[in-house]
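Just so you know, all these numbers are worked out from the coordinates, no wet-lab data involved. No experiment lies behind these values; they were computed from the predicted model shown. All Cβ positions, even for glycine, are placed from backbone atoms using ideal geometry, and neighbour counts span all protein chains on display.
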Amino acid sequence: MTMNDVHAASFDLNLFAVFAAVYRRRNLTLAGGDLNLSQSAVSHALGRLRVRFDDPLFIRQGNVMEPTALAETIAPGILSGLEMLDGAVRDMGNFEPSEAQRTFRIGMNDYGGAIVLPPLTERVRAEAPGVSLHIVHTTHEERLRMLEEGEVDAVLGCHPVSGRHILSADLLRDREACVMRADHPLAKGVLEPARFDGVPFIALSLSVSGKHVLYSVLEKAGYALAPVVTIQQELAVPELVRSTGLAGTMAERLARRTVHGDELSIRPLPFPDAEFTLRLFWHASRDAEAGQRWMRDCIFEAAAALPPLGPCVELTRL
């Protein structure tokens, strides 16, 4: 049988569910647990899939089932198709928040968790007491895969998520700020790129690469920081600054919520590239489902209710 002979209409849909579970879990036992099937039943279903596709689909490497090139190719379509079917069956085209019993998985980091999650949780509890939120920490590199594989329903982030079936909308604007002790050299004077050159720093990076928010700004100007520690946990920046005496960066909205008293100073970074937009990303397979639309509306309204970002009082030309 060739790939041209494979048609979805001739498939047992349960086989697609097995494929999706093995693809997500990379383990037959764990996949069986998700589907309430024994490992032998999963192995049997996988055998049928291998015959239909004339491909191993998954190759065992130790305790991990690694997908073949063909499996990687067909996985996004199978996963998104199953999500669409699941949504259609679950809500039958309707969603009543007050009666719903379900969990939404949302990817967000410290920033979204501190700024958007509190008003979002308040709204969800008021409208849908049976609905729960599962918040998942993500890096830039993971977001596309998690959306395509259905690990999350939506992602909040500033870094673009580029994919054929990825949709997005703006939530709010913010800018990066420099946080330092009041006696730090950067606490006074004009913040020009040259002043950051070689400065020991707490670098914030939500990328596996470790590139921090000031990296591109300073690189263009021919300067570089000297990161002492690079972290993904933005909420840890104030305490690290306080205890080490180093300077660090974090979003201005978050800094003004978490830094209190006169011990630390917050200075907006007066560079054009320091401004950013928080966006909501979701997969097209979740676009029309009523429950997903309701959850996105809750997120939009939670962000819209936040006070606007004030003007940057310090401006520097690069």
Computed FRET value (nearest 0.05) for residue 136 with residue 300, which takes r as the C-beta separation and R₀ as 22 Å
0.65
Backbone N under 20 Å from the residue 183 label point (7 Å along Cα→Cβ), restricted to region 220-256:
238-248
With runs of 4+ DSSP H residues as the only contributors, calculate the mean residue ellipticity of the chain at 222 nm using -39,500 (n - 2.57) per run, divided by the residue total and rounded to the nearest 500.
-11000 deg cm²/dmol
Can you tell me the orientation of helix 69-91 relative to the chain, as the angle in degrees between its alpha-carbon axis and the longest Cα principal axis, to the nearest 10?
90 degrees
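What is the chain by shape, rounded, prolate or oblate, if you read a ≥ b ≥ c off the alpha carbon gyration tensor as root eigenvalues and call it rounded for a/c under 1.5, prolate for a/b larger than b/c, and oblate otherwise?
Numbers: a/c = 2.69, a/b = 1.85, b/c = 1.45.
Since a/c reaches 1.5 and a/b is larger than b/c, the shape of the chain is classed as prolate.
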Alpha-carbon Debye profile of region 173-273, log10 I(q)/I(0) at 0.12, 0.16, 0.24 Å⁻¹:
-0.33, -0.61, -1.51
If one takes the longest principal axis of the Cα atoms in the chain, at what angle in degrees, from 0 to 90 and to the nearest 10, does the Cα axis of helix 39-53 lie?
80 degrees
Have a look at 28, 167, 70 and tell me which one the Gaussian network model of the chain (Cα, springs below 10 Å) gives the largest fluctuation.
70
